[in-house]
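**Student:** The structure under discussion is supplied below as C-alpha cells; questions concerning it will follow.
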Amino acid sequence: MALIIYLQPHKYFTLKEYLTLAEIQEDLREDGLTCVKLVEHYLQKIESSSHLNAFVEVYADEARSTAAVVDAKLVNGTAGRLAGMVIGIKDVLSHKGHGLQAASQILDSYQAPFTATAVQRLIDEDAIIIGRQNCDEFAMGSSNENSSFGPALNAADNSKVPGGSSGGSAVAVQAGLCHASLGSDTGGSVRQPAAFCGVVGVKPSYGRISRYGLIAYASSFDCIGPITKSVSDAALLLEIMSGDDDYDSTVSTKEVPAYSASLNWEGKARIGYIQDTLENEAISVDIRQRTKAVLDRLRAEGHEVVPVEIPLLDSLLPTYYILTTAEASSNLSRFDGVRYGHRSAESTDLESMYKKTRTEAFGPEVRRRILLGTFVLSANYYDAYYTKAQRVRRLVREETNRFFEQFDFFISPVTPTTAFTIGEKTEDPLQMYLADVFTVQANVVGNPAIAVPNGFDQQGMPIGIQIMAPYFGEEKMLAFADYLTRLNQKVAKKYSENQEV
Amino acid sequence: MLWTARMHIFVIAFSIIMTQNTLQPADITDELLATYETVIGLEVHCQLLTESKLFARDVNRFGTEPNTNIGPLTLALPGTLPKINKKAIEYAVRLGLACGCSISRKTTFDRKNYFYPDLPKGYQISQDKKPICENGGVAISFKNAEGKTTDKVIRFHHIHLEEDAGKSVHEGDQEETLLDYNRAGTPLVEMVSEPDLRSAEETGAFVTEIRRLVRYLGISDGNMEEGSLRCDVNVSVRKYGAPEYGTKVEIKNMNSIRNMMRAISFEERRQVALVESDGQVQQETRMFDVDNGQTYGMRVKETMNDYRYFPDPDLSPVVISEEWLSAITSAMPALPHELREKFVNQYGIPTYDAMVLTDTKEIADYFEAVCNKTPAYKTVSNWLMGPVKSFLNENGGDIALFPVSPQSLADLIDLAESGTVSNSVATQKIFPVLLAEPQREPKEIAATNNWLQNSNTNELESLVDEVINSMPDKVAAYRKGKKGLIGLFVGEVMKKSNNTADPKLVNQLLAKKL
C-alpha cells in the first residue's frame, strides 16, 4: 500500500479550548474562525486520541462538506442557531444513511433509513455531526465495557472507565474530540459518564424529547440527553431538541421554555439532601466531602438546605432492574435475524435460527437482561416481580412528588465512587449496578436531573454533583445548575488566590 | 422485494388414533346427539378498512404486490415508535355502539410477546387489561331444530383492537418460507363472545349478523374468503343439564360461514363420540379440512406459549372524550334493524319485504335511492325482490354488478304505473334491453320498439272492425250466446296491435261493436 503524505496547511493549528458555543460563535463572527477549521481541529483530535476508542465511526468527509455549507450560511447570515456546534452522537441514535448498531454485533452493517427527531432538529439548526460514538451494547452498562467495539477509555486516566452507557460520548467531550455529544439516559447513562469524565450531562423529564429514532432499551425510562462542557450549551441543545413530535405518542405537548435565555438564577432555593450520602462509607470520602462542601456553600449563600428522609429509595435499584429488563426483553425481540442484522450461519431450522442468532450476536450483559426480563414477565412470577415493581414505581413517584411540594431541588452525588479501573467490576454485575444508585431515581419517576462537575478526587479523577428537579422543571434546574457551577468556580478561584498568598 | 427466511416451520399434524372399540363421529345418531348440548363461543377477527395501518403510516390495502406497504415501523426497524390510528379507534367505537357495549373512556394497549417470523417486533400490540369495548352483544334470528324462527341475543365479553401479523408463504416444495409483511400492522377488531351459542345454525346466524353489521357500519368488507373476517370457534359438549361445561376445543382455519358450520357439526359429533367411548376431549387447537369436512389436531413444536402480556410503554392510554364519543355517535350509519323499521313506517312496505331489502346495506341503499325517484314504493320493493333479485342470483348476488341506475329503474316503474307500457312489457321486454344497454332510457326503448301501450281509440276501432269482419262465423256464434269467444277477439286485436293495445280498452270496444 502506497503511503501518500500530503500537507493541508490549515490542518496544523490549535484552537483555544472553547467552553461554550457562544464563544465559538463569537470567534466565527469576529476572529476568522470557520466551521471548516473547527471540523479539521476535531478530526485531528479524534485521530490523535484514537486510543480512547470514543468514536465507532467518524464522518470526516461529510463533516467537512457540511462545515463548508454552514460557513457559507454564516456569510449569508442564514446560519442556524447551532452553527459552529460540532457534535457526536451515541450509537443508539438513528441518522439516515449512516451505520447504527447500538455497539452490538446483532446490528452488524445495519444502516439507518431515517433520522431521529432529536438529531434532525440539531441538523436543522446547522449542527455538524462528526461521528457516532461508542457505548455499552444497547445502552446496558455503567462502564462502556459491554461494547462489541471494546471499551472506551477515560481521558483523565486511560486505565479507568469513562462510565456508561454513554461512555464514548462523555470521553469525546472530556477530551475535546467534539464540542458536545448526544447520549441516552435510562438509569444514569448520561449523568454517570458525565461525572466520571468531568463534564455536564442532562437527563430531561421523560417525554421532553421525542424518542423517535432512539433504539429502545426500556421505553418508559429512556431519555435522550446532551453531554457538554457548559450548562448553557446543554440548555440550548435541550431547548432545540425538545417538544411535540408526531412520531412519538409518549412525547409531551408542553411548550418548550427558552432554557438558554433563562440562565439567570435569582433568589433562594429550598434544597433537600439525604444525610446518609454524606456519611455512608460505601461512598468515597472525596465525593462525600465535595458534596458536603457544595451544600455548605449553598447554605452560606442563604439557601435553605435541609436533610430529608426518602424511605423508598432503598427499593429503587430492584424496581429499576425489574422494570427495565422486562421492557428490554420485549424491545429486543425484534432482533431475531429475520429481517435485518446478523443471522447465524449455523441455523438449521426456525428455532435454531432464533437461538443461535441471538446467542452469537448479543453480549453477555444484554443476554442477562433479556433473560431477567423474560423471567419477571413470565406467568408464574409476574405478580411477584413486575406488578410489585410497578406499584413501587408509583409509590416512589408519589413520594418524590411530595418531596417537591416542599423543595425546589434534590441534591446528591452522581456516583458513589469516581471512575473505576477497567475490568474491576466486570465479574460482579451487582457491584456494577450499584454505580447507578443515585441516578436511577430520576428515571424511575421521570423527573429531570443534571450532573455538573464538582472538582476532582485525590487521584485527579473528576467528581460530579447531581441536581434533580420537579417534573418538567428543567428551566429552573438549568438556571440553578449554571449558578452552582459559577459558584464553584468562584470558590475555586478564591481558593487558588489564597493558596498563592 | 421478498424477505426470505431460511427455515422450516414444523407443524406436525396427527389424527386421533381410533381403536376398534371407540365410536366414530359417524356412529353418533341424531337421537344420541340430541341428548348433548353443544356450547360454542367465538373469537371473531375483523380487519378494519382504514386508510393506513393501526400504528404506522403505511397504506392498509389488500392484494398489493408482496412487501410494498412496509415502512420502517411495519418492519420493526430499531428506533421506530407506534402511533395510534384515530380512525381505527372510531371504527371500534362505532362497532361497540352498534352492539350496545360500554365504551372504555380510557383504553390501553398491551404487548403480547411471542416469536414468529411474520411478527416483526416479536410482540403483537393488542389489548389485554382495558379493551376498548366491554359487554354488549348481537341479536340473531335463526331456525331452531323444529324449524321455527327463533330470536336470541349473543353476548360479547369484550371487543378489543389489535394489529394483524404478516403472512408466511410456502411456494411449492421450496424449503424457504417467504414472508410478506403487507398485512403486518393492519388494524383488527376482535369480538370475543360469551359461550352463548348452541348449534352450528346459531353460529352461522351470528357470524352472518356480524358480517352484515360491519358492512353496514362501513368498517370492514367482512370478506371471509380473503381473510378480512376470521373466526376461531371454541366448541365443547355436555349432557343436557350438566352443571359444568365440557373441555373446549378451538377450531381455526375456516374460510366461509358454511365451512364453519360444517366444522362445528363434525366437531360436536367427534366430541360426543369421545365422551360416549369414555374418552376425554383434549384441550387443543384443531384445524378444519375443507376437503373431507373433518377437523384435525395440530401441534406446533413449541409448548404452550406464555405471552408475557404487559402494558405497551410506547403508547399512552387513549382517552375517548365526551366530545369525541358524541361525534362518533352522531356520525353512526343506520343499522339493519333501524332501516327495517324505517322501510315499514316510511315506505309502507310489508315487514317481510323490509327484511329482504335490508339483507345487505347495498340493496337497502339501492331501494332507498329508487324510492327517492318514484312514489311507488311497494312496486319498487316488488321489482327488487322479483326481476332484480333474479338477475343478481344469476350474476353473483352483488348489487354493485347491477347495471341499471336507480333513476332508470324508477323511470321504468313509472312507465308501467302510469299505463304507458303494460307490466309485462316492462318486465319482459324493456328490462332485458335495459340490462344489456343500461345507458338507454326506458321510455326511448319502449318508443323505438313500438311498445308504448296503445290507447288511441280511433286506431283501435279500425283494428276491432278488421277482426270482427274477418271472422263472421265466430261473431255469429258470439251473438248467439257463446260469450267466451270474447277472449279470442281480444287476443286477435292485441296481436294486430303488436301487443301495444290497452287490453281493457280493447274489451270495451269489442263489447260495444258486437
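Here, each number is a calculation from the coordinates, and none is a lab measurement. Everything numeric in this text was worked out from a predicted model, so none of it was measured. Note that we place each Cβ from the backbone using ideal geometry, even for glycine, and neighbour counts take in every protein chain shown.
**Student:** Evaluate peptide A:325-333: per residue, the Cβ atoms of other protein chains within 10 Å of its Cβ; return the mean as an integer.
**Tutor:** For peptide A:325-333, the averaged partner shielding equals 5.
**Student:** Moving on. Using alpha carbons only, how many degrees (0 to 90, rounded to 10) separate the axis of helix B:200-216 from the longest principal axis of chain B?
**Tutor:** 80 degrees
**Student:** Are there trypsin sites (Lys or Arg not before Pro) in segment B:418-514 that DSSP puts in a loop and that have at most 10 other Cβ atoms within 10 Å, and which ones? Let's see the in-between values first.
**Tutor:** Details: sites: B:LYS429, B:ARG440, B:LYS443, B:LYS474, B:ARG479, B:LYS480, B:LYS482, B:LYS483, B:LYS495, B:LYS496, B:LYS504, B:LYS512, B:LYS513; in loops: B:ARG440, B:LYS480, B:LYS482.
Sparse-neighbourhood loop trypsin sites (Lys or Arg not before Pro): B:LYS480.
**Student:** Sticking with this one: Would you mind computing, in nm to one decimal, how far apart the modelled labels at A:VAL491 and B:ASN450 are, each placed 7 Å from Cα along Cα→Cβ?
**Tutor:** Modelled inter-label distance: 11.7 nm.
**Student:** Would you please put B:90-97, A:32-39 in order of how densely packed they are, using the mean number of other Cβ atoms within 10 angstrom per residue and starting with the highest?
**Tutor:** Ranking, from highest mean packing down: B:90-97, A:32-39.
**Student:** Note down the net charge around B:ALA145, summing +1 for each Lys or Arg and -1 for each Asp or Glu among other residues with Cβ under 11 Å from its Cβ.
**Tutor:** -1
**Student:** Express in whole angstrom the spacing between the alpha-carbon centres of segment A:167-220 and segment B:182-197.
**Tutor:** Each part reduced to its Cα centre gives a spacing of 42 Å.
**Student:** Roughly how crowded by other chains is peptide A:334-345, in terms of the mean Cβ count from those chains within 10 Å of each of its Cβ atoms? If you can, show how the numbers build up before the last one.
**Tutor:** Values: counts 10, 3, 9, 4, 16, 10, 5, 1, 0, 2, 0, 1.
Going residue by residue through A:334-345 and averaging, the value is 5.
**Student:** By residue number, which cysteines of chain B lack any other Cys whose Cβ falls under 4.7 Å from their Cβ?
**Tutor:** B:CYS46, B:CYS99, B:CYS231, B:CYS371
**Student:** With r defined as the distance between the Cβ atoms of A:THR421 and A:THR20 and R0 fixed at 45 Å, what FRET efficiency is calculated, to the nearest 0.05?
**Tutor:** Efficiency at R0 = 45 Å is approximately 0.85.
**Student:** Round to a whole angstrom and tell me the spacing of the C-alpha centers of segment B:235-263 and segment A:294-365.
**Tutor:** One Cα centre to the other: 45 Å.
**Student:** Starting from the Cα gyration tensor of segment A:377-486, take the square roots of the eigenvalues, sort them a ≥ b ≥ c, and report rounded, prolate or oblate (rounded when a/c is under 1.5, otherwise prolate if a/b is larger than b/c, else oblate).
**Tutor:** Cα axes put segment A:377-486 in the oblate bin.
**Student:** May I ask you to list the lysines whose Cα is less than 20 Å away from that of A:LYS494, ignoring any residue fewer than eight positions away on the same chain?
**Tutor:** A:LYS292
**Student:** Another question, if that's okay. From the Cα gyration tensor of the protein assembly as shown, with a ≥ b ≥ c the square roots of its eigenvalues, which class applies: rounded if a/c is under 1.5, or else prolate if a/b is larger than b/c, or else oblate?
**Tutor:** Prolate, because a/c is 1.5 or more and a/b exceeds b/c.
**Student:** Given +1 on the Cβ of Lys and Arg, -1 on the Cβ of Asp and Glu, and no further charges, what dipole in debye does chain A carry about its Cα centre, rounded to the nearest 20?
**Tutor:** Value, rounded to 20: 240 debye.
**Student:** Let me ask another. How many Å³ per residue does the convex hull of the Cα positions in chain A occupy?
**Tutor:** For chain A, the hull spanned by Cα atoms encloses 168 Å³ per residue.
**Student:** For A:LYS268, list the lysines whose Cα falls under 16 Å from its own Cα; do not include residues on the same chain fewer than 8 positions away.
**Tutor:** Straight-distance partners of A:LYS268: A:LYS476.
**Student:** Highest mean first, what order results for B:215-226, A:332-343, B:237-248 on Cβ atoms within 10 Å?
**Tutor:** Numbers: B:215-226: 17.9, A:332-343: 22.7, B:237-248: 13.5.
Put in order of decreasing packing, that is A:332-343, B:215-226, B:237-248.
**Student:** With the contact rule set at Cα under 8 Å and sequence spacing of 6 or more, what percent relative contact order holds for segment B:30-136?
**Tutor:** The normalised contact order for segment B:30-136 reaches 21 percent.
**Student:** Using a 10 Å cut-off around each Cβ of peptide B:316-323, what is the average number of partner chain Cβ atoms that fall inside? Could the numbers behind the result be given before it?
**Tutor:** Numbers: counts 4, 0, 1, 0, 0, 0, 0, 0.
Other-chain Cβ atoms within 10 Å of each residue's Cβ, averaged: 1.
**Student:** Taking neighbour Cβ counts within 10 Å as the exposure measure, how do A:PHE456, A:PHE375 sort from fewest upward? Walk me through the numbers on the way to the answer.
**Tutor:** Working: A:PHE456 15, A:PHE375 18.
Ranked by crowding around the Cβ, least crowded first: A:PHE456, A:PHE375.
**Student:** DSSP loop (so not H, G, I, E, B), at most 12 other Cβ within 10 Å: list which GluC sites (Glu not before Pro) in segment A:386-473 pass both filters. Show your work: numbers first, answer last.
**Tutor:** On the way: sites: A:GLU398, A:GLU399, A:GLU405, A:GLU424, A:GLU427; in loops: A:GLU424, A:GLU427.
Sites meeting the loop and neighbour criteria: A:GLU427.
**Student:** Let me ask another. Check which residues have an amide H placed less than 5 Å from A:VAL305's amide H, if you skip close sequence neighbours.
**Tutor:** It is A:ILE271, by chain and number.
**Student:** How many nm is it between the label spots at B:VAL192 and B:ASN458, if each spot is 7 Å from the Cα in line with the beta carbon?
**Tutor:** According to this spin-label approximation, the distance is 8.3 nm.
**Student:** Let me ask you something else. Which lysines have a Cα lying under 16 Å from the Cα of B:LYS342, excluding residues fewer than 8 positions away in the same chain?
**Tutor:** Answer for B:LYS342, where 16 Å is the Cα cut-off: B:LYS361, B:LYS378, listed by chain and number.
**Student:** For helix B:336-347, what angle does its Cα long axis make with the longest principal axis of chain B, in degrees from 0 to 90 and rounded to 10?
**Tutor:** 20 degrees
**Student:** Give, rounded to the nearest 20 debye, the magnitude of the charge dipole that the protein assembly as shown has about its Cα centre when Lys and Arg contribute +1 at Cβ and Asp and Glu contribute -1 at Cβ.
**Tutor:** 1720 debye
**Student:** Using a simple charge model, +1 on the beta-carbon of Lys and Arg, -1 on the beta-carbon of Asp and Glu, nothing else, what dipole does segment B:457-513 show about its Cα centre, in debye to the nearest 20?
**Tutor:** Values: 10 positive and 7 negative charges, 78 e Å.
About 380 debye.
**Student:** While we're on this one: Please tell me which of these pairs span more than 24 angstrom C-alpha to C-alpha: A:LYS73/A:LYS203; B:LYS483/B:LYS513; A:LYS425/B:LYS112; A:LYS96/B:LYS87; A:LYS90/B:LYS167; B:LYS474/B:LYS513?
**Tutor:** Beyond 24 Å between Cα atoms: A:LYS73/A:LYS203; A:LYS425/B:LYS112; A:LYS96/B:LYS87; A:LYS90/B:LYS167.
**Student:** Can you tell me the order of B:410-421, A:131-142 when each peptide is scored by its average per-residue count of other Cβ atoms within 10 angstrom, highest first?
**Tutor:** Top of the packing list down: A:131-142, B:410-421.
**Student:** Right, here's the next one. Can you compute 3J(HN,Hα) from phi for each residue in segment B:264-275, using the Karplus curve 6.51 cos²θ - 1.76 cosθ + 1.60 with θ = phi - 60°, rounded to whole Hz and x for Gly and Pro?
**Tutor:** Calculated HN-Hα couplings, in order: 5, 4, 5, 5, 5, 5, 4, 5, 4, 4, 5, 5 Hz.
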